[in-house]
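Q: My questions will all concern the structure given below.
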Amino acid sequence: MATILRMAKKQLEEAIPFANIDTESWERLQHPARIIECSIPCRHDDGTLKIYKAYRCQFDTTLGPAKGGIRYHPSVDRDHVEALAFWMTFKCAALKLPFGGAKGGISVDATKLSHRELERISRLYVDSFHDILGPDQDVAAPDMYTDERVMGWMYDEYKLIKGGHPKDFITGKPVALGGLEERKVSTGYGGYFVLEKLIKDYWKQKRMEAVTVAIQGFGKVGYWFAEKCWKEDVKVIAISNEYGGAHCLTGVNPEQCRNLLGPTGGKDWSEVHKLYGHEPISNDELLLMDVDVLVPAAVENVITDQNASKIKAKIILELANGPTTPEADTILNDRGVWVVPDIIANAGGVVVSYFEWLQNRHAEERTSDQIMAGLRYKLDYATTKMMERHLSKGMSLRTAAYALALKRLGEAKEALGTKDYFRPSNC
Ligand code: NAD
């Protein structure tokens, strides 16, 4: 079993003793409802035809239509989409959203495709999967290497096949096609709201403005989280991406850094290092910095049994999916470090996607203030529920979040009848 899938299943197992879930419902949650694999033949600009493997996994749809992104990356395979769909299932359940969990993708290096090839492959994805996608079946969204333009092409293709204006087919669309302006900041800002709730109501060792933060990953999620910290006077003292990083004790200005990193996509950090007090830092060094809050916002498996015992942060806010291995989790929990799990910490994106789906369904418009208030409300609620379980039952934050999600999923499955209900003496 691929590491990422093993990791996902292990996280669930730890929550079972606390979840009080019926054994049949638990058994059903061990297996994805369906995984479909297609071959996509894409004509390239030079005339050649290349075949790409594409996937959609709907892990569970007990609580509503499946919901999850579409990722373009060479590492995409069956196990990968299953693990990501599994996390989406528990994220939606923990946040009390009316969705199940899904994920899809194409095994492709999107950085090597021309704009025309990217459009073609995106439309072909919809051509292959349109029968199982849809506003009441499975609502797709962007993920790594897919953006709002890709969502726009996919919406347009679905519209051509099905007719009408099914804007609620996909979220993360361009604003002009029914998307929400707030979607781009939602995961980063959502992570900030979770952290603020935790620091103010539970950690209480420092004021929010006195907390220090280090962020690994300076993409869509890491940047907007850093920007929100800057706006709220919370000091981010280090940032990094896959090519390098900067460390400044008086605080890093994210916008200035982003402008200096420029159109290279953050490959050249030399201009950032010219700023007063900004020293180069590697990714490995950043993870071990003496900060209050460490924020992995890049890729999976960066916090492992190799570095967990050396991490000095007191809180880890998982904005990436799956950044901490189960072995590292055990080490950190034993040391009393709070690891705020991805299914709560990075749920801001799916909450705002839910608002977009609702708005498209009802052809109505919400104000930005309403969307932000709704985002904060949902994340405050989930954080409170997770912390109540953590404090009353002594379980890790991750186990508390999974137990919360399992309870909701279990209740919905049990509502349809269990072994006890259907036993011969009852029927
Ligand atoms: P992105 O592609 O915009 O940014 C990724 C960032 O990580 C880039 O700065 C990249 O340079 C950096 N990175 C890549 N490999 C790295 C490495 N080995 N070491 C250090 N940095 C590295 O992606 P994103 O949308 O910001 O997503 C980041 C993470 O957050 C992913 O795990 C994604 O699944 C998760 N996530 C994203 C959203 C969303 O709304 N975008 C929602 C939930 C979860």
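Q: Going residue by residue through the range 160-173, is there one that turns out to be in contact with a strand residue (DSSP E or B) (Cβ under 9 Å, 6 or more places away or on another chain), free of Cβ contacts under 8 Å to residues at least 60 places away in the same chain and of a type in the set (Lys, Arg)?
A: Yes, the range 160-173 contains at least one residue that is in contact with a strand residue (DSSP E or B) (Cβ under 9 Å, 6 or more places away or on another chain), free of Cβ contacts under 8 Å to residues at least 60 places away in the same chain and of a type in the set (Lys, Arg).
Q: Filtering the range 135-152 down to residues that are away from the ligand (no atom under 15 Å from the Cβ) and surrounded by fewer than 19 Cβ atoms within 10 Å (Cβ to Cβ), which residue is nearest to Pro254 (Cα to Cα)?
A: Going residue by residue through the range 135-152, those that are away from the ligand (no atom under 15 Å from the Cβ) are 135-138, 152.
Then keep just the ones that are surrounded by fewer than 19 Cβ atoms within 10 Å (Cβ to Cβ); that gives 135-137.
Details: Pro135: 37, Asp136: 39, Gln137: 39 Å.
If we take residues in the range 135-152 being away from the ligand (no atom under 15 Å from the Cβ) and surrounded by fewer than 19 Cβ atoms within 10 Å (Cβ to Cβ), then Pro135 is nearest to Pro254 (Cα to Cα).
Q: Here's a check for you: in the range 33-53, which residue that is surrounded by 13 or more Cβ atoms within 10 Å (Cβ to Cβ) and in contact with a Ser or Thr (Cβ under 9 Å, 6 or more places away or on another chain) is farthest from Phe422 (Cα to Cα)?
A: His44
Q: When you go through Gly222, Gly244 one by one, which is the residue that is of a type outside the set (A, V, I, L, M), within 16 Å of the ligand (Cβ to nearest atom), touching a residue at least 40 places away in the same chain (Cβ under 8 Å) and farther than 14 Å from Val291 by Cα?
A: Working: Gly244 fails: touching a residue at least 40 places away in the same chain (Cβ under 8 Å).
After applying the criteria, what remains is Gly222.
Q: Then there is this: Does Asp268 satisfy the criteria of being surrounded by fewer than 21 Cβ atoms within 10 Å (Cβ to Cβ) and modelled with pLDDT of 95 or more? Can you show your working first?
A: Numbers: surrounded by fewer than 21 Cβ atoms within 10 Å (Cβ to Cβ): yes; modelled with pLDDT of 95 or more: no.
For Asp268, the condition - surrounded by fewer than 21 Cβ atoms within 10 Å (Cβ to Cβ) and modelled with pLDDT of 95 or more - is not met.
Q: Next up: Consider Asp329 against the criteria (1) acidic (Asp, Glu); (2) within 18 Å of Tyr402 (Cα to Cα); (3) over 23 Å from the mean Cα position of the chain (by Cα): it satisfies all of them except one. Which criterion is unmet?
A: (3)
Q: Kindly list the number of the only condition in (1) of a type outside the set (S, T, N, Q); (2) buried (at least 19 other Cβ atoms within 10 Å of the Cβ); (3) touching a residue at least 12 places away in the same chain (Cβ under 8 Å) that fails for Ala412.
A: All conditions pass for Ala412, except number (2).
Q: If we keep just the residues of the range 95-135 that are in a loop (DSSP other than H, G, I, E, B) and among the polar types (S, T, N, Q), which is farthest from Asn346 (Cα to Cα)? Explain how you work it out, then say what you get.
A: If we filter the range 95-135 for residues that are in a loop (DSSP other than H, G, I, E, B), which is where we start, we get 95-99, 107-109, 113-114, 130-133, 135.
Narrowing the set further to residues that are among the polar types (S, T, N, Q) leaves 107, 114.
Details: Ser107: 24, Ser114: 30 Å.
Looking at residues that are in a loop (DSSP other than H, G, I, E, B) and among the polar types (S, T, N, Q), I get Ser114.
Q: Out of the residues in the range 200-212 that are under 21 Å from Thr250 (Cα atoms) and either in contact (Cβ under 8 Å) with a residue 60 or more places away in the chain or in contact with a His (Cβ under 7 Å, 6 or more places away or on another chain) (or both), state the one that is surrounded by the most Cβ atoms within 10 Å (Cβ to Cβ). Let's see the steps before the verdict.
A: Filtering the range 200-212 for residues under 21 Å from Thr250 (Cα atoms) gives 205-212.
Restricting the remaining residues to those that are either in contact (Cβ under 8 Å) with a residue 60 or more places away in the chain or in contact with a His (Cβ under 7 Å, 6 or more places away or on another chain) (or both) gives 205-206, 211-212.
Working: Gln205: 11, Lys206: 12, Val211: 21, Thr212: 19.
Only one residue tops the list, namely Val211.
Q: When residues of the range 276-321 are filtered for being under 19 Å from Tyr223 (Cβ atoms) and away from the ligand (no atom under 15 Å from the Cβ), how many remain?
A: So the answer is 3.
Q: Can you go through Gly217, Gly190 and tell me which one is near the ligand (Cβ under 9 Å from one of its atoms), surrounded by 17 or more Cβ atoms within 10 Å (Cβ to Cβ) and at positive phi? Working first, answer last.
A: Numbers: Gly190 fails: at positive phi.
Residue meeting the stated conditions: Gly217.
Q: Let me ask another. Hey, can you tell me all the residues within the range 322-363 that are within 14 Å of the ligand (Cβ to nearest atom) and in a strand (DSSP E or B)? Full working, then the answer.
A: Applying the first criterion (within 14 Å of the ligand (Cβ to nearest atom)) to the range 322-363 yields 322-324, 340-356.
Matches in the range 322-363: Thr324, Val340.
Q: Given the conditions (1) touching a helix residue (DSSP H, G or I) at 6+ places or on another chain (Cβ under 8 Å); (2) surrounded by fewer than 20 Cβ atoms within 10 Å (Cβ to Cβ); (3) within 29 Å of Gly152 (Cβ to Cβ), which single one is not true for Ile170?
A: Every condition holds for Ile170 apart from (2).
Q: Is at least one residue of the range 163-170 within 16 Å of the ligand (Cβ to nearest atom), assigned to a strand (DSSP E or B) and either of a type in the set (Ser, Thr, Tyr) or over 30 Å from Leu287 (Cα atoms) (or both)? Walk me through it before giving the result.
A: Of the range 163-170, the ones within 16 Å of the ligand (Cβ to nearest atom) are 170.
Pick out the ones that are also assigned to a strand (DSSP E or B) and you get 170.
Next, from what is left, pick out any that are either of a type in the set (Ser, Thr, Tyr) or over 30 Å from Leu287 (Cα atoms) (or both): 170.
There is at least one residue in the range 163-170 that is within 16 Å of the ligand (Cβ to nearest atom), assigned to a strand (DSSP E or B) and either of a type in the set (Ser, Thr, Tyr) or over 30 Å from Leu287 (Cα atoms) (or both).
Q: Take Cys257 and tell me if it is buried (at least 16 other Cβ atoms within 10 Å of the Cβ) and either within 14 Å of the ligand (Cβ to nearest atom) or closer than 30 Å to Asp156 by Cβ (or both).
A: Values: buried (at least 16 other Cβ atoms within 10 Å of the Cβ): yes; either within 14 Å of the ligand (Cβ to nearest atom) or closer than 30 Å to Asp156 by Cβ (or both): yes.
Criteria met by Cys257.
The values are calculated or read from the model by the stated rules, or taken from the named source; none is laboratory data. On a predicted model such as this, the values are computed, not experimentally measured, just so you know. Here the Cβ is made from the backbone with ideal geometry for all residues, glycine too, and neighbour counts use every protein chain on show.
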